[in-house]
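The values are calculated or read from the model by the stated rules, or taken from the named source; none is laboratory data. Just so we're clear, the structure is a prediction, and the values are computed from it rather than from any experiment. Because the Cβ atoms are built from the backbone with ideal geometry, glycine has one as well, and the counts that use them run over all protein chains shown.
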Amino acid sequence: MDTILVVNAGSSSIKFQVFGLNGEGRLSRHLKGQMDGIGSRPRLRASGANGETLADRAYPIEAVPDVTVAMTVAGAWLREELRVTPLAVGHRVVHGGPDYHGPVLVDHGVVARLERSEPLAPLHQPHNLAPIKTILANFPALPQVACFDTAFHRNHDDVADYYALPYQLHEEGIRRYGFHGLSYEYIAKALPRIAPEIASGRVIVAHLGSGASMCALHGGRSVESTMGFTALDGLPMGTRPGQLDPGVVLYLISAKGMAPGEVQDFLYRQCGLKGLSGVSNDMRELQASTDPRATFAIDYFVYRIGLYAGMLAAALQGLDAFVFTAGIGENSASIRARIAEKLQWLGVSLDDLENSKNGLKISPAESHIPVYVVPTDEERMIAEHTLALLWKTRPFHSTRERAS
Ligand code: ADP
């Protein structure tokens, strides 16, 4: 069967999924896997479509020292043991910079342009690009597609896209890009099918995971986002502070004597829920903790989501529905209930039973603003983009003939 491989590479893990393509051109997930603990305790784990274990093996640290080698090891396992020879590989790439408004077929020129965006996402972009470069070097004929977290937001109006900085800096690429675009795009595409009554309306989507942001959708199009130039802005996250007065950064440099690299590490890894609580970056651990600072970190998270909901409702000039997604949004009934309380003034109420079951629609019929829980699927979005681009660029032969 023809397959598409989806790769999402981070600093210490590579996640991958294989989608099969049926005769009608539909994609179904065959397996999920990841190599994590790269550079510390490498471990390859994978499971099939029904959750059955396909691999669970540990490697010595020197066998998988970095993302590049991890890609090679995971790729060899897929090829040699599972006989997976994909038609194409789709990659999650966090930053498309000013150049890319949609997925792109990768070649050396594209890689060079994406490398220029590395300073915009220093902890993500180089790791996202590493497996692309490895595959380009070892399998140059295998089509690869880069799918960007920024692309879905690139049609924002100028007032949502600019900072109040000299115009030249906008031209250089200092813009409010927005992130989690593959997640929002998946939800925007799913709504007409699963909740057609709200799909064309004004919807706030809250992607609440380790990284967290919110997006204002109007008719399925992103019109505003809580994130900006980098994935540091907006909501507080597991380890990132979210919105911060730039004066704080100046203070860290001038009064605390921190070097740029230290500030970067601090803002990406030491702040957010972790910094505030001093307990953990993980919401489940914070909820389980009796430490008052852990309780405060959750209060802060909920409060800021409420504030940003007001901002996004203003951008939309009203609100027709609210959607929760990602790890916290999909699974934590208590956090959803607390956020819904903050949104009462907008006309939000919850159906406690449906909320406790993580149901699709978790508001009662009388709620002015219906509330939904929609599990996101960024990997499927990447697989769909990859297939679509493959067909677009190779329309005259079967994809298999062209790939070989
Ligand atoms: P990412 O993909 O950004 O790593 P996820 O979307 O997987 O993040 O979300 C991870 C977050 O979701 C963690 O903070 C985790 O504690 C939280 N989470 C997952 N399940 C639950 C749950 N049942 N209750 C509360 N938080 C949860």
With the requirement that a residue be hydroxyl-bearing (Ser, Thr, Tyr) and either within 16 Å of the ligand (Cβ to nearest atom) or under 20 Å from Leu232 (Cβ atoms) (or both), what does region 193-214 give you? Ser210, Ser213
Among the numbered criteria (1) in contact with a Phe, Trp or Tyr (Cβ under 7 Å, 6 or more places away or on another chain); (2) assigned to a strand (DSSP E or B), which one does His91 miss? (1)
Quick check, is Leu217 away from the ligand (no atom under 16 Å from the Cβ), of a type outside the set (S, T, N, Q) and out of contact with any helix residue (DSSP H, G or I) (no Cβ under 6 Å at 6 or more places or on another chain)? no
Arg284 vs. criteria within 12 Å of the ligand (Cβ to nearest atom) and surrounded by 12 or more Cβ atoms within 10 Å (Cβ to Cβ): yes
Which condition from (1) over 30 Å from Val7 (Cβ atoms); (2) touching a Lys or Arg at 6+ places or on another chain (Cβ under 9 Å) is the one that Asn331 breaks? (1)
Where in region 112-227 are the helices (runs of 4 or more DSSP H), entirely inside, with at least 2 residues that are over 30 Å from Thr72 (Cβ atoms)? 158-161, 167-171, 181-194, 196-199
Just to check your reading of the model, which residue among Val279, Val249 is modelled with pLDDT of 95 or more and either exposed (fewer than 14 other Cβ atoms within 10 Å of the Cβ) or under 21 Å from Asp299 (Cα atoms) (or both)? Val279
Subset of region 314-358 (residues that are in a loop (DSSP other than H, G, I, E, B) and not aliphatic (A, V, I, L, M)): Gln317, Gly318, Asp320, Ser332, Gly347, Ser349, Asp351, Lys357, Asn358
Looking only at region 196-219, which residues are under 12 Å from the mean Cα position of the chain (by Cα) and surrounded by fewer than 20 Cβ atoms within 10 Å (Cβ to Cβ)? Gly209, Ser210
Give me the pairs, please: first residue somewhere in region 284-304 and over 20 Å from Glu341 (Cβ atoms), second residue anywhere and away from the ligand (no atom under 14 Å from the Cβ) and not aromatic (Phe, Trp, Tyr), beta-carbon distance under 6 Å, and either six or more positions apart or on two chains. Arg293/Gly278
Taking Glu62, is it under 27 Å from Gly102 (Cα atoms) and either aromatic (Phe, Trp, Tyr) or surrounded by fewer than 23 Cβ atoms within 10 Å (Cβ to Cβ) (or both)? no
Conditions first: (1) crowded, with 24+ Cβ neighbours inside 10 Å; (2) away from the ligand (no atom under 16 Å from the Cβ). Ser222 passes all but one, so which condition is the exception? (1)
If I filter region 245-286 down to residues being part of a helix (DSSP H, G or I) and basic (Lys, Arg), which single residue comes out as farthest from Ala333 (Cα to Cα)? Arg269
Residue satisfying all of: in region 233-246; closer than 17 Å to Leu307 by Cα and within 15 Å of the ligand (Cβ to nearest atom); surrounded by the fewest Cβ atoms within 10 Å (Cβ to Cβ) among these: Gly242
Looking only at residues in region 359-384 that are in a helix (DSSP H, G or I) and touching a Leu at 6+ places or on another chain (Cβ under 8 Å), which one is nearest to the ligand (Cβ to nearest atom)? Glu378
